[in-house]
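Comments concern the structure below.
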Amino acid sequence: MAFRLSSAVLLAALVAAPTYAAPTTTTKVDIAAFDPDKDGTIDLKEALAAGSAAFDKLDPDKDGTLDAKELKGRVSEADLKKLDPDNDGTLDKKEYLAAVEAQFKAANPDNDGTIDARELASPAGSALVNLIR
């Protein structure tokens with residue numbers, strides 16, 4: 001009986017113990033992919049350059065705009081409406097890069113002008129990666 005109790009206590013402790021995820025390779029790769037100066041962070045200029053390249057890749061018909069289908073879920077329908085000041089149902093490059101800049105600022109809570117691996121792993125950082133990948 002004592003063995004069962006000890007096993008049950010051990011199992012409960014293992015289930016209740018928090019697990020801490022180590023930084024993933026994906027996060028490190030994401031920074032490297034958007035960090036041409038290799039300083040380990042992404043600044044706004046780098047984010048905008050990556051966002052511009054992403055826009056170009058997402059625009060297969062080369063009409064200079066992205067509709068909901070071309071955005072491939074990178075922004076929700078509600079966000080598309082917010083990001084589309086001319087209400088034409090599409091984002092041009094200027095509108096898209098404004099979204100990248102706003103998301104960069106959201107992912108940079110310490111306002112130091114750079115996104116590090118910890119910030120990139122946050123929900124706001126993940127949303128930024130979604131726009132610039």
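The values are calculated or read from the model by the stated rules, or taken from the named source; none is laboratory data. Just so you know, these numbers come straight off a predicted model, no measurement behind them. Counting neighbours? That spans all protein chains shown, and the Cβs are built from the backbone with ideal geometry, glycine included. What goes into the accessible areas is simple: the full protein's heavy atoms, side chains included, and nothing from ligands, DNA or RNA. Shrake-Rupley method; radii C 1.70, N 1.55, O 1.52, S 1.80 Å.
Please determine whether any residue of the range 84-93 is in a helix (DSSP H, G or I) and either surrounded by fewer than 18 Cβ atoms within 10 Å (Cβ to Cβ) or not small (Gly, Ala, Ser) (or both). Please lay out each step first, then the result.
Narrowing the range 84-93 to residues in a helix (DSSP H, G or I): 93.
Imposing the further condition that a residue be either surrounded by fewer than 18 Cβ atoms within 10 Å (Cβ to Cβ) or not small (Gly, Ala, Ser) (or both) reduces the set to 93.
Yes, the conditions are met somewhere in the range 84-93.
Please specify each residue of the range 100-124 satisfying the condition of being within 11 Å of residue 47 (Cα to Cα), open to solvent by less than 20 Å² (accessible area, probe 1.4 Å) and in a helix (DSSP H, G or I).
If the condition is that a residue be within 11 Å of residue 47 (Cα to Cα), open to solvent by less than 20 Å² (accessible area, probe 1.4 Å) and in a helix (DSSP H, G or I), then 100, 104 are the ones that fit.
Which of the residues that make up the range 60-83 are part of a loop (DSSP other than H, G, I, E, B) and among the charged types (D, E, K, R)?
Initially, the range 60-83 is screened for residues part of a loop (DSSP other than H, G, I, E, B), giving 60-64, 67, 72-76.
Hits for the range 60-83 are 61, 62, 63, 67, 72, 74.
Within the range 38-66, how many residues turn out to be open to solvent by less than 60 Å² (accessible area, probe 1.4 Å) and more than 19 Å from residue 133 (Cβ to Cβ)?
2
Restricting the range 108-123 to residues that are within 20 Å of residue 53 (Cα to Cα) and not hydroxyl-bearing (Ser, Thr, Tyr), which is farthest from the chain's Cα centre (by Cα)?
The first filter runs over the range 108-123 and keeps only residues within 20 Å of residue 53 (Cα to Cα), leaving 114-115, 120.
Still in the running and not hydroxyl-bearing (Ser, Thr, Tyr): 115, 120.
On the way: 115: 11, 120: 7 Å.
My answer is 115.
Would you be able to tell me the number of residues in the range 67-83 that are of a type in the set (Gly, Ala, Ser) and open to solvent by less than 20 Å² (accessible area, probe 1.4 Å)? Steps first, please.
Narrowing the range 67-83 to residues of a type in the set (Gly, Ala, Ser): 68, 73, 76, 78.
Then drop every residue that is not open to solvent by less than 20 Å² (accessible area, probe 1.4 Å), which leaves none.
Of the residues in that region, 0 qualify.
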